[in-house]
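Enquirer: Dropping the structure in here first, questions after.
The values are calculated or read from the model by the stated rules, or taken from the named source; none is laboratory data. Please read all numbers here as calculations on a predicted model, not as lab measurements. Because the Cβ atoms are built from the backbone with ideal geometry, glycine has one as well, and the counts that use them run over all protein chains shown.
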């Protein structure tokens, strides 16, 4: 069951990497980065579950929590910059 | 008596928050930049005398559970570098933001101290995930500094920089996740024992090395650096070019020398990195020579100079017996380039302040009108080329000697050729600042503090060659 | 069987969101992707992460992305066939590379066992929050720093653009009615964090959602601008001050003595709660 | 106390240059005062060192500056010869420069780099091992470039560019050889009879030893303007007179020659050089340079270019003297190191006076200047006679020893080279004197008062007088000849 | 025991209404009627599921929480329905 999630995170990372490079607009590139992030976090949480203990290993959970907050803050700045560029274009 | 290394990180953070209050801004900026400089100086002196490597576990939780600060010769040395450059750029910015970019001046200090805290945190931390968060702090604050001027070119450059640095951070995180999945440990000191004899880490190494290459603008990923470093205000580009690009290379060296055991795939990787480094030097210098504006020239020269650190990758791999000399050469190359580049960017800031134009042909004849800025440009240019008495020369000398002793003729010849190329792109700056062509004569004075800080940085980078044995004592001890 | 279904739905929503030409559709599917990944976290018993993912990862990020959808041109960047080819090649190679890697991961309990053994010394019952606030408190300090840095960076760029809003009487009255409950509920979630699922970031994000909902109906908060700035800075300010305070006392940076740790952690959680809320609220507003 | 003396020798001009860089442009008097004080202090220290080294005192400073090599300054008789020469001539040139640059723009920058250049010359002289020598050798490049490009005109910038290309290429070659030396031999300190560990290594693998020797030789030859590498010297004549006087008579070119002396006598050792037959091809090259230099000088229209070519040829006198085996030729070379410096500096200063007073740069503008400026012309004549090697002048001494050395070494062809060169030098020096004295008189530019400000007139007269004095003095009296004899005795056990 | 059977039965009824709502969303042509299906059927289905959950727990505090959740969802979907319709009319 864990192997499936590892594989799923792998696909997410690879697909979003492809679309990151091929993205036509900044919004698409931003979405692909976020999805890549979710893929990596899935890998982390799958590792958390991959233990002999009954409840999962809390350290990756804390790390993913930090990762999500960092990803959100980076997205917030990216949004501001893209808004500036869009406004500038018109 | 070792101080609590936490101060080195927490104080600049507090300073950045305090600098938001308009009335307190100038005082906090001065007091805290001085304080942080003294702190890094003290930690450097501690590496000379105290027992190092000094481990301090945050929250009292030991290795696998908690995060630790580690202070050894190399990190102490880089803390000193950050302190010196941070302090002089702070001095420069005091008068720079009085005369120019007043609006940006208000917010500059917040990101300046954040960057400083991030750099201190990076050189001290020894936990892989913690380094991810610090890398993110560095990229975001550098990013906003790039976007500071607010015109379209700066915003576009910072956006490209943002995307590439998020991608690199995600790759780095993937590498850390893979290492954690296989070895269940995040701290570097524990990792080195666990890695001995296994092969799984080579998989995890690939995303980490790619991420670090992107962050330090190694060749195929260097497109974001020139527009980013050249489109922003002078003190910001000085900080970016001299400090923000260095930590990834430092981390790569630390991983290489201390954490990763010898492995076939590592050898191939070192060869690939060395090739990319060589290309970076050649292409970077080629573009630097062709540039018309001084800031683009300096940005491309950063790409070239960073190439040296990666060029020597095979030496890190094979040079087990010369570990100490390699560390010293690496540290000196980074130190001299950082100081020289910071002084050159600050002087280019002076040039733009006087001539109101960025391109090289309009660079004012500094030799005639502003001797101090001319000395800064002259001495830091000499350090970039690697002329003696400068730490750059000692670094090149060490690298050259080691590459010949270990039989890497290719690396040695590229290193020598690279310093010749460097003189090719530093020469136009000297020539322009010397020419007494009438259009080049501007007598409006540059604020005293701006000239002095640029001069001192350049002079320090040049004369640091004399005291190299003192600077390197920390690295020798541990 | 359920994992398989969730996985397929997640993958398809990601593919549609990435591939579709219409930006609005890719935005909507990105939201769906966020909720589904939240569900998958729940399936993997990572409840705290599920909560954060759904509130922060998909709702707030989705909302920020929707701000972009209207303005952006579709064809901002030129992408040649050559880049498509090498991008495909690179991702394929990376896929194969990772495929070889996956089998090397074996089942072992890593730092988790240590966390549970030391849980009683951390002053917090919930394992994830213990790691987050005490064992790896330094990470969280830097993380709060990152989000403060990002939002102040946003403000520094001083975008003049007015945020999207919809002044409708029904929305105004409803949001006015709902706001107190949301504030109370987010406080409850933050407090809940000390001994079970929940925590500072989740509560803060929830409150941010409420505030955004309130501001959506073109109502501005009755607070002064400097007060909002203060709230935004409390997270980082209080946390680092506490760290320094304990360092001065001689315990060491961010080291809480056993009997004081629960109290300090609660105060730290509250400061993070209030600062995350107002930071994300300003991220929506775009300016103070 | 001894360490202080050596260090102060080096640092006195370094701190002066640092102090001046902060001094405002207008503070002319303070700047000249500081310069003069530093010069006199330096002379005093040199005198003290001369006296105490003669008594057998040993002065040295050694600290490990770089992980593998150390910064080593030592005062041995050879170093003292060069130090006394350059400090004396530096004093002369400083006085001359203060006079010459009266009212010229950015003198502040000029004197900063002027002092830096002298610091590096002192460093080159005092260097105890090849690493320290290289440090100051490159610092010399760095400090002389701004002096060459001082005026900032397009021509000056181009000349500076070429100067940089040559010196940086030479520097890189030097660095490569130094790295090889340190990697394979590990130590490069100078010993009177040659570095023992180096000799052991060279005997082991002769091919590498030969390559290393030629590498070092050509790296130095760039500065010593040996034939293929001399273009920068003639072009650098664009620099102001005091610069070309001090640099091309004393500092830059002599540094190259001095380096070759260190290389042949103190790094490789004379026996090794002769036993490995290293010196023949180089001797032919330098001989060709002598002839080429003198030959080209005859046709130069620009007066300063003419002197540049003559410097090139006279430098190769010194190198040829070093390369020829035997003590006599060595003495001749060391003597010429000093004599050429004194004579050439007089010629450059006289040319500077002509250019300053009547704006004379070309040969054809010279006529009638001699009558208006009698004293300068006398100094010029005496110095050019010395250069030619007429008896009773210092030049004659060097010629006598060089020819005796060549005969002792069994290389008769060298004697003919010296003869031809001195005849050629008659052709390129005497016409200047005759044109100045007997050319058409010059009514148009009637300048009252003394020919040229005293500050610019006295230095050439002093040096011209010295060329005569040292020529006439018997060997026992205190003179460069006596010191050279002392060096050779001490180094090679009796002559 | 009765409660378990009853809650499973209610769960099925709720699921059935949710199915009806989503089918209505897909099949019905006009956007207003689709909106109608979305708000009415789904909210009813959700009500039944909440009821079944309430039956399966014994704690009174859970009952209260579930009831509040139900209240929130009802008012929220009404508001969203109104907003969508309003936007559709003005656009």
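Enquirer: Could you please let me know if residue D:69 is in contact (Cβ under 8 Å) with a residue 60 or more places away in the chain and either out of contact with any helix residue (DSSP H, G or I) (no Cβ under 6 Å at 6 or more places or on another chain) or assigned to a helix (DSSP H, G or I) (or both)?
Expert: Here the answer is no, as residue D:69 does not meet what is asked.
Enquirer: In region B:429-441, how many are touching a helix residue (DSSP H, G or I) at 6+ places or on another chain (Cβ under 7 Å) and surrounded by fewer than 19 Cβ atoms within 10 Å (Cβ to Cβ)?
Expert: Summing the residues that are touching a helix residue (DSSP H, G or I) at 6+ places or on another chain (Cβ under 7 Å) and surrounded by fewer than 19 Cβ atoms within 10 Å (Cβ to Cβ) in region B:429-441 gives 1.
Enquirer: Return only the number of the condition from (1) in contact with a helix residue (DSSP H, G or I) (Cβ under 7 Å, 6 or more places away or on another chain); (2) facing another protein chain (nearest Cβ under 9 Å) that residue C:215 does not satisfy.
Expert: (2)
Enquirer: Identify, from the list C:115, C:146, the residue that is part of a helix (DSSP H, G or I), out of contact with any strand residue (DSSP E or B) (no Cβ under 8 Å at 6 or more places or on another chain), surrounded by 15 or more Cβ atoms within 10 Å (Cβ to Cβ) and at pLDDT below 90. I'd like the intermediate steps shown before the answer.
Expert: Values: C:146 fails: at pLDDT below 90.
Going through C:115, C:146 in turn, the sole match is C:115.
Enquirer: Given the condition in a helix (DSSP H, G or I) and within 15 Å of the chain's Cα centre (by Cα), answer yes or no: does some residue in region D:72-79 qualify?
Expert: The initial filter retains those residues of region D:72-79 that are in a helix (DSSP H, G or I), namely D:77-79.
Narrowing further to those that are within 15 Å of the chain's Cα centre (by Cα): D:78-79.
The answer is yes, given that some residue of region D:72-79 is in a helix (DSSP H, G or I) and within 15 Å of the chain's Cα centre (by Cα).
Enquirer: Something else: It is to be established whether one or more residues within region D:93-115 are under 30 Å from residue B:470 (Cβ atoms), within 12 Å of chain B (Cβ to nearest Cβ), in a helix (DSSP H, G or I) and modelled with pLDDT of 80 or more.
Expert: yes
Enquirer: Taking helices (runs of 4 or more DSSP H) that do not extend beyond region C:187-288, which have at least 2 residues that are under 14 Å from the mean Cα position of the chain (by Cα) and assigned by TED's automatic domain parsing to the domain that holds residue C:132?
Expert: Filter on region C:187-288 gives C:200-216, C:258-285.
Enquirer: In the list B:80, B:39, which residue meets the criterion of being under 25 Å from the mean Cα position of the chain (by Cα), more than 13 Å from every other protein chain (Cβ to nearest Cβ), surrounded by fewer than 24 Cβ atoms within 10 Å (Cβ to Cβ) and closer than 26 Å to residue B:329 by Cα? Before you say what the answer is, go through the steps one by one.
Expert: Working: B:39 fails: more than 13 Å from every other protein chain (Cβ to nearest Cβ).
Selected residue: B:80, the only one of B:80, B:39 that is under 25 Å from the mean Cα position of the chain (by Cα), more than 13 Å from every other protein chain (Cβ to nearest Cβ), surrounded by fewer than 24 Cβ atoms within 10 Å (Cβ to Cβ) and closer than 26 Å to residue B:329 by Cα.
Here is a yes/no grid of residues against (1) modelled with pLDDT of 90 or more; (2) touching a helix residue (DSSP H, G or I) at 6+ places or on another chain (Cβ under 9 Å); (3) facing chain C (nearest Cβ under 7 Å):
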| position | (1), (2), (3) |
| --- | --- |
| A:9 | yes, yes, no |
| A:14 | yes, yes, yes |
| A:25 | no, yes, yes |
| A:72 | yes, yes, yes |
| A:75 | yes, yes, yes |
| A:86 | no, yes, yes |
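Enquirer: Of the residues that make up region C:159-168, is at least one at the interface with chain A (Cβ under 7 Å from one of its Cβ atoms) and either in contact with a helix residue (DSSP H, G or I) (Cβ under 9 Å, 6 or more places away or on another chain) or assigned to a helix (DSSP H, G or I) (or both)?
Expert: Looking for residues that are at the interface with chain A (Cβ under 7 Å from one of its Cβ atoms) and either in contact with a helix residue (DSSP H, G or I) (Cβ under 9 Å, 6 or more places away or on another chain) or assigned to a helix (DSSP H, G or I) (or both), one finds at least one in region C:159-168, hence yes.
Enquirer: Follow-up question, since we're still on this one. Determine, yes or no, whether residue E:25 is at pLDDT below 85 and either touching a strand residue (DSSP E or B) at 6+ places or on another chain (Cβ under 8 Å) or assigned to a helix (DSSP H, G or I) (or both).
Expert: yes
Enquirer: List the helices (runs of 4 or more DSSP H) that sit entirely inside region B:125-202 and contain at least 1 residues that are at pLDDT below 90 and within 22 Å of residue A:76 (Cα to Cα).
Expert: B:152-183
Enquirer: Considering only residues that are in a loop (DSSP other than H, G, I, E, B) and in contact with a strand residue (DSSP E or B) (Cβ under 8 Å, 6 or more places away or on another chain), look in region B:63-107 and name the one that is nearest to residue B:125 (Cα to Cα).
Expert: For region B:63-107, the residue satisfying everything is B:67.
Enquirer: Also: Please determine, by comparing only the residues of region D:178-214 that are within 11 Å of chain B (Cβ to nearest Cβ) and in contact (Cβ under 8 Å) with a residue 12 or more places away in the chain, which one is surrounded by the fewest Cβ atoms within 10 Å (Cβ to Cβ).
Expert: Step one: filter region D:178-214 for residues within 11 Å of chain B (Cβ to nearest Cβ), giving D:178-184, D:186.
Of the ones still in play, those that are also in contact (Cβ under 8 Å) with a residue 12 or more places away in the chain are D:178, D:180-182, D:184, D:186.
Values: D:178: 24, D:180: 18, D:181: 24, D:182: 21, D:184: 18, D:186: 12.
So the residue we want is D:186.
Enquirer: For region A:36-70, name all the residues that are free of Cβ contacts under 8 Å to residues at least 24 places away in the same chain, in a helix (DSSP H, G or I) and within 7 Å of chain C (Cβ to nearest Cβ).
Expert: Matches in region A:36-70: A:48, A:58, A:59, A:61, A:62, A:64, A:65, A:66, A:69, A:70.
Enquirer: Go through region C:41-68 residue by residue and tally those that are part of a helix (DSSP H, G or I), within 21 Å of residue A:2 (Cβ to Cβ) and within 7 Å of chain A (Cβ to nearest Cβ).
Expert: So the count comes out to 4.
Enquirer: Which residue is surrounded by the most Cβ atoms within 10 Å (Cβ to Cβ), if the candidates are limited to region D:274-292 and must be without any contact (Cβ under 8 Å) to a residue 60 or more places away in the chain and at negative phi?
Expert: The residue in question is D:279.
Enquirer: Something else: Between B:92, B:46, which is over 24 Å from residue C:142 (Cβ atoms), in contact (Cβ under 8 Å) with a residue 12 or more places away in the chain, under 24 Å from the mean Cα position of the chain (by Cα) and more than 14 Å from chain C (Cβ to nearest Cβ)?
Expert: Residue meeting the stated conditions: B:92.
Enquirer: Taking region B:151-174 as the region of interest, how many residues are over 23 Å from the mean Cα position of the chain (by Cα) and more than 8 Å from every other protein chain (Cβ to nearest Cβ)?
Expert: Here the count works out to 2.
Enquirer: Here is a further query. Is it fair to say residue B:13 is within 13 Å of chain C (Cβ to nearest Cβ) and surrounded by 22 or more Cβ atoms within 10 Å (Cβ to Cβ)?
Expert: On the way: within 13 Å of chain C (Cβ to nearest Cβ): yes; surrounded by 22 or more Cβ atoms within 10 Å (Cβ to Cβ): yes.
The answer is yes for residue B:13.
Here is a yes/no grid of residues against (1) buried (at least 17 other Cβ atoms within 10 Å of the Cβ); (2) touching a helix residue (DSSP H, G or I) at 6+ places or on another chain (Cβ under 8 Å); (3) free of Cβ contacts under 8 Å to residues at least 24 places away in the same chain; (4) not in a helix (DSSP H, G or I):
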position: E:5; (1), (2), (3), (4): no, no, yes, no
position: E:41; (1), (2), (3), (4): yes, yes, no, no
position: E:49; (1), (2), (3), (4): yes, yes, no, no
position: E:68; (1), (2), (3), (4): no, no, yes, no
position: E:71; (1), (2), (3), (4): no, no, yes, no
position: E:83; (1), (2), (3), (4): no, yes, yes, no
position: E:89; (1), (2), (3), (4): no, no, yes, no
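Enquirer: Still on this structure, please answer the following. Read through the list (1) surrounded by fewer than 24 Cβ atoms within 10 Å (Cβ to Cβ); (2) touching a helix residue (DSSP H, G or I) at 6+ places or on another chain (Cβ under 7 Å); (3) in a helix (DSSP H, G or I), then give the number of the only condition that residue B:117 fails.
Expert: So the condition that residue B:117 fails would be (1).
Enquirer: Also: Checking residue D:161 against (1) touching a helix residue (DSSP H, G or I) at 6+ places or on another chain (Cβ under 6 Å); (2) surrounded by fewer than 22 Cβ atoms within 10 Å (Cβ to Cβ), which single condition isn't satisfied?
Expert: It is condition (1) that residue D:161 fails.
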